[in-house]
Each structure stands twice: as C-alpha cells, then as structure tokens.
1. When region 103-122 is examined, which residues are found to be among the β-branched types (V, I, T) and either in contact with an Asp or Glu (Cβ under 8 Å, 6 or more places away or on another chain) or under 28 Å from E159 (Cβ atoms) (or both)?
2. If the requirement is being in a helix (DSSP H, G or I) and under 20 Å from the mean Cα position of the chain (by Cα), which of these qualifies: L342, L369, L355?
3. Somewhere in region 302-320, is a residue at pLDDT below 95, touching a strand residue (DSSP E or B) at 6+ places or on another chain (Cβ under 8 Å) and over 21 Å from P213 (Cα atoms)?
4. Would you mind telling me which numbered condition in (1) surrounded by 14 or more Cβ atoms within 10 Å (Cβ to Cβ); (2) modelled with pLDDT of 90 or more A81 fails?
5. Just one of (1) surrounded by fewer than 19 Cβ atoms within 10 Å (Cβ to Cβ); (2) under 24 Å from the mean Cα position of the chain (by Cα); (3) of a type in the set (A, V, I, L, M, F, W, C) trips up L432, so point out which.
6. Please give the number of the condition V61 fails out of (1) modelled with pLDDT of 90 or more; (2) crowded, with 17+ Cβ neighbours inside 10 Å; (3) in a helix (DSSP H, G or I).
7. If I ask for residues that are within 26 Å of W329 (Cβ to Cβ) and surrounded by 21 or more Cβ atoms within 10 Å (Cβ to Cβ), which ones from region 176-198 would you list?
8. Name the single residue that is farthest from D192 (Cα to Cα) among those in region 225-253 being among the β-branched types (V, I, T) and in contact (Cβ under 8 Å) with a residue 12 or more places away in the chain.
Amino acid sequence: MGLHLELDPSLRPARALTQALRRGITDGVLAAGTPLPSTRALAAELGLARGTVVEAYEQLVAEGYLVTRPRAGTRVAPGVAKAVATVAPPSTPAPPRYDFRPISSDATAFPRTAWSAAIRAAIRDASDDDLRYGDPRGQPALRTALASYLGRIRGVRAEPDRIVVCAGYAHGLALLSRVFRRAGRSRLAVEDPTYTHSLTIAEYAGLTPVPLPADGDGLRVELLEEATPPPDAVIVTPAHQLPLGATLAPSRRTALVHWAADTGATIWEDDYDGELRYDRQPIGALQGLAPERVAYLGTVSKSLAPVLRLGWLVLPPHLVDPVAEARSWDDRHPPTFDQLALARLITSGGLDRHLRRMRPRYRRRRDRLIAALADRTPSVRVEGVAAGYHALLRLPDGADEAAVVAALAKAGVAAYGLSTYSRLGGQPPGLLIGYGTPPQHRYLEAVDVLTATLAKALRRS
C-alpha cells in the first residue's frame, strides 16, 4: 500500500516518522485494522534506513497505537483511532454578562506596571542560590517582608520563621487540615453560614466540620463553648464574616481566645480581605491577642488577584515544622520569582499604594449599589460592615430566593443566594453580591441591570 506522510525535517528521522504515523492514526486517516507496509517497503518508499522505520513501529506498538502479529504484519490497533478522535475537549461555560459573584476583585484594576517591574527586578537581582531548591516555608525575603507588613497593617505578631508561604487560602487550609488529621484530630468547628468550599477542603482531608450559627456579631461563641466533645479547631472570619459581613464582637473575640486556651484548641483565622475597611480603621487581626493559639491565613487573591496563587500562614511555634513538612510534599516550595516580586512590591510600598487607590474605588461601588437598591427596591436591606468586596442583601420575608437567583441568571446576572452558604439551613432569603467583581468600565451598567431585574423579580414573588 502507498502511504503519504509529512515528516518534520527539524526532528530526528525516527521521531518524525513516529509523530507522523501517530497523527495519521489519531486524525482517522489510518483507520483501525489498517495494515501498514513492511519496514523494508516503507523505508524504501520514504528514503529512510530500515532501522529508522523499525524504531518508529516499535515505539507505536509500545504506546498501543499499532499491533504486530506473526504472519499478519503490522496494523493499526482496534479502537484507538475512534477513541482518540471522539474525545472532545472539556467545555468551558460562557462567563456571565454581569458577574456579581463574590469571587474576585476587579481584574482590570490589577497593578500590571508595578507587578511587571517587580518581576523584572526579582529576576535581575536573584542570586544563584535563589535559582536552586528553596525553603518549603518560602523565600526568607518574602517571609521577612510579610512579618513587617502584617504587623503594621493587621496587628499580627509574627516572626519570619513562623510564616509558611502557600498557594492561596485554600492551599493553606488544606495544609492545616492534613496536619491536624495526621495528628489524630478530627473535629473542626465552622461558622454557619460560611464559605462552603472550606468545609469541602476540610472533609477531603478527613476532618469533620461542626457547623455553629453566626449572626450580626459573628460566630456565636457560647455555642462553641457548649459543644461536646470540644472541637479541635475552629475557623473564623473575625474581620469580615463571609457571607454575613459582620465583625466579631469584642466580647466574643475575648471569649473565643479564652475557649482556645482552656481547651487546647487552635483558632484558624481567615483574614481574606482584612485590609479593606471603608468607614473606619480595619479591626486588628485576632491573632494579635493570642499568637500561640491562632493560625492566621492570608492571601493576595483579594488585594491583588487570585491568579498569583500566593498566600501565607502565620503559625503557632508547634505547627511550623509539621506544616512546612506537609508543604514540602506538595510541590517542594513556592515559585521563587513570584515570591521575590511580592516581597519587592511590599517593601517598596507598591502594595500599600495599590490598596490606597482601591479602597475609595470599592467604597464608591458599595455606595452606588446601596443607592440604586434604595431607589428601586426599598424593601431590600443591605447588611454588614462597609468592607471587602461583598454585601449581603436581605430580601423581604417570604421572597423566593431561588426564583430571584434564577431571574437574575436569565438576565445575564450571576449572583449567589444566601442559602447556598449554609448547612444548618433556616436562613432568611438573601443574596450575596460581589460588587468587586464587575470591571470598572461596566459597573454602573451592571448595577442598573441587577437592580432592575431584582425589582421585577420581587414584584412577581
């Protein structure tokens, strides 16, 4: 049989032939069961050494694309072409036209110029040692910068050797969960409602979440004190509870620290957007009250962008080595250039300047959302402190939350219902609106569509 093959001249002949035959099979040009020429005949036809063809055939037999039988020659393996040809790439859902999911800051506001300069400087100034395998806790330059920054901005009491750099909040939570489960601990108290992905991460590591109600003053610590047996740890968002938007009341902060000291439990503080408070100075981190009992989790996903995949854990001394060891088994250490760039952005004041620009921008966004809701849907209450990127919209009693979310989706508006954040159930109808997600140039348009659709949906419900 004749066989037309395009061989890549930049490749070694045997590799070029292997690639060409493999492509012919996967594209369906060579169907299952098709006999191939003998090695001698194909070598003569293509002007190649016979050994080159033998090598290509043997490689494809080993990969399962070809089969060879005595006195039957070499053929395309049954089922391979069909299986490969019918595998479709995974589909990606189209993004919503107006995205109010509380998942991100405005990507258009990322400080590209400052980050590019920091990356270039990091590559230029990196030492030869920086290019080798690093400390699983992270680059000393970044841990030193974070210790200073977190102490100044969030009141965190930390030394560089108590910081472990991770790939964002979810990774940090997974590390803590695995370390606790390996130590024989299993019960993890969580706020309800809460960021449910946290529960999934903990459960995947083998922990058992214990949901406890939160209200306008944060976690109801008295219920934590009554839990039997006492949980081994508790996740809290004291600066800005997700999704309720509350700040943990001072009396509850004190009670929570006393509970941890009395029971030997550890507090896991999620400070995902603690730098962003608009009506007053941000509340200091809970970690500052009890650095020996609190594991503090932070990230740049909200202050800069999720794509950077950089976060940190500030740990009590007894957790540093176990978490660092667990970190080393994931991917040895975080990406060095990104760490050095973030360290430079912090020490140069670039991160502070970015946040100073963003605070008034997001405050204006929140104010415009509230004004538009008051004008079109006065029955909807906005709850939570003026902070972060999300606001809780309490719908009127009796409103059909699911129907409202569906009406918004039909209009191209993506938003989450409050009930999706609760495992205990019983939440009054509400929406969690991420006013930080829409791009700046479309924000007013997005708010207009959101409020108009919401008003129409509420009239129907």
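1. If we filter region 103-122 for residues that are among the β-branched types (V, I, T), which is where we start, we get 103, 108, 113, 119.
Once the filter is applied, which keeps residues that are among the β-branched types (V, I, T) and either in contact with an Asp or Glu (Cβ under 8 Å, 6 or more places away or on another chain) or under 28 Å from E159 (Cβ atoms) (or both), region 103-122 yields only I119.
2. Numbers: L369 fails: under 20 Å from the mean Cα position of the chain (by Cα); L355 fails: under 20 Å from the mean Cα position of the chain (by Cα).
Unique residue meeting the criteria: L342.
3. No, because not a single residue in region 302-320 is at pLDDT below 95, touching a strand residue (DSSP E or B) at 6+ places or on another chain (Cβ under 8 Å) and over 21 Å from P213 (Cα atoms).
4. Result: A81 passes all but (2).
5. All conditions are met except number (1).
6. If we test V61 against (1) modelled with pLDDT of 90 or more; (2) crowded, with 17+ Cβ neighbours inside 10 Å; (3) in a helix (DSSP H, G or I), just (2) comes out false.
7. Within region 176-198, the first condition is being within 26 Å of W329 (Cβ to Cβ), and the residues that meet it are 176-188, 190, 195, 197-198.
Hits for region 176-198 are L176, S177, R178, V179, F180, L188, V190, Y195, S198.
8. Here is the first cut: in region 225-253, the ones among the β-branched types (V, I, T) are 228, 234-237, 247.
Among the residues that remain, those that are also in contact (Cβ under 8 Å) with a residue 12 or more places away in the chain are: 234-237, 247.
On the way: V234: 12, I235: 11, V236: 10, T237: 11, T247: 14 Å.
Restricting to residues being among the β-branched types (V, I, T) and in contact (Cβ under 8 Å) with a residue 12 or more places away in the chain, the top hit is T247.
The values are calculated or read from the model by the stated rules, or taken from the named source; none is laboratory data. What you are looking at is a predicted structure, and each value in this text was computed from that prediction instead of being measured. In this analysis, Cβ positions are derived from the backbone assuming ideal geometry, glycine residues included, and neighbour counts consider all displayed protein chains.
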